[in-house]
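Report on one structure; see the data block that follows.
Taken together, the values in this text are just the output of simple stated rules run on the coordinates, not laboratory data. Predicted model only: the values in this text are computed from it and were never measured. Here the Cβ positions follow ideal geometry from the backbone for every residue, glycine too, while neighbour counts run over all protein chains shown.
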Amino acid sequence: MSTVPPAPAEARRRPAREEVRRALLDAAARTFARQGIDGASLDDVAAAAGFTKGAVYSNFGSKEGLVAALVDDRVSAYLDLGLAAVENDPGATLAERARALGDRLTAATDEQHDWHLLFLELWQRTVRSGRTEGAFVQRRRELHAAVAGAVAAHAEQAGAELPLPATSMATLLMALSNGLAIERLVEPGSVPDDLMGQVLALVVQAGPAAGTGADQH
C-alpha cells in the first residue's frame, strides 16, 4: 500500500495560459452580450470564467484590450467558418458554394447568439463616436479584404464570372449576413434556414453587371 500522500490542490495541474485565455474570451462574449460592454465589469467577466480579475489583466491588460481581443477572435472565427463551408467540395459550382456558405452562416446566427448582440453594440459605439480606427473598424476592414479575396479565388476555381466586383460581393455578403442575423434574432421564424443560401446562389448565377465583368478583384 502506498504511503505517498495525495498531492495538495495547489499542486494539481493548472490550466495552460491558452486555456485561461479561451475561457476568458468566451466568458466575455456572454457577459458583454447580456450586460453590455459598459455595464459589465472585469470582475463579472472573471467570475463567469471561474478566475480572478488578475487573470484578465495578465492576459489582456485592460477592458479595452479584452474587447479588442474578443473582436479579433470572433472575426477570425467568422472567416474560418465561412472558408470551411465552401472548401468541403472543390468540384462544386459557384452557386453551390454560395448556397453552402449562406446556410452555414445562418446556422452560425443561432450558434453565436452572444456574438451578434455584441456586434450590434460595437457597431453602435463606433457609429456614435465617429471613429474611423480602432479594433472593430480595423478587423472589419481586414475581414472585408479577406472575404473579397476568397470570393475572387472561388470564382476563378469554379470557372465562373462574378456578377459584381469581388469587393462589392464582399460588401453584399457581409451586409446580408448581418441584416438577416438581426431579423432572425428578433423573429427567428421570419428568416428560413435556407434563405441566405438561396439569395447568394441567385446573386452569383446572375450575369455580370454592365461595366463590372472585368473588375472582379
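Over the alpha-carbon set of region 9-61, divide Rg by the Kirkwood Rh and report the Rg/Rh ratio to two decimals.
That ratio is 1.01, to two decimals.
Considering only G179, N59, L105, the residue lying farthest towards the positive end of the dipole of the chain is N59, judged by Cα position with unit charges set on Cβ.
Counting only helical runs of four or more DSSP H residues, what would the 222 nm mean residue ellipticity of the chain come to if each run contributes -39,500 (n - 2.57) and the total is spread over all its residues? Show your work: numbers first, answer last.
Details: 9 runs with 150 residues, N = 217.
It comes out at -23000 deg cm²/dmol, rounded to the nearest 500.
Converting phi to 3J(HN,Hα) with the Karplus coefficients 6.51, -1.76 and 1.60 and the offset θ = phi - 60°, region 132-145 yields 10, 10, x, 4, 5, 5, 5, 5, 5, 5, 5, 5, 4, 5 Hz in sequence order, with x at every glycine or proline.
The value of relative contact order for the chain, using C-alpha pairs under 8 Å at least six residues apart, is 23 percent. Globularity index of region 81-142 is 1.45 (Cα radius of gyration / 2.2 N^0.38 Å, N = number of residues).
Taking the Cα centre of the chain as origin and charging only Cβ (+1 Lys, Arg; -1 Asp, Glu), how large is the dipole, in debye to the nearest 20? The partial results should precede the final answer.
Numbers: 21 positive and 28 negative charges, 162 e Å.
So the dipole magnitude of the chain works out to roughly 780 debye.
Highest mobility in the GNM of the chain, judged by mean-square fluctuation with C-alpha springs under 10 Å and restricted to E111, E18, E161, is found for E18. Shape index of the chain: Rg/Rh, with Rg the Cα radius of gyration and Rh the Kirkwood radius from the inverse mean 1/r over Cα pairs, equals 1.09.
Annotation for region 84-143 versus region 17-79: alpha-carbon center distance of 20 Å.
What is the sum of charges around Q198, taking Lys and Arg as +1, Asp and Glu as -1, for the other residues whose C-beta is under 13 Å from the C-beta of Q198?
Values: positive: R99; negative: E96, D103, D193, D194.
Within the 13 Å Cβ shell, the charges total -3.
Here S168, S177, S62 are placed in order of increasing Cβ neighbour count within 10 Å, fewest first, which gives S62, S168, S177.
With Cβ to Cβ distances under 14 Å as the rule, what net charge do the other residues near E133 carry (K, R +1; D, E -1)?
Details: positive: R125, R131, R139, R140, R141; negative: E64, E142.
Surrounding charge for E133 is +3.
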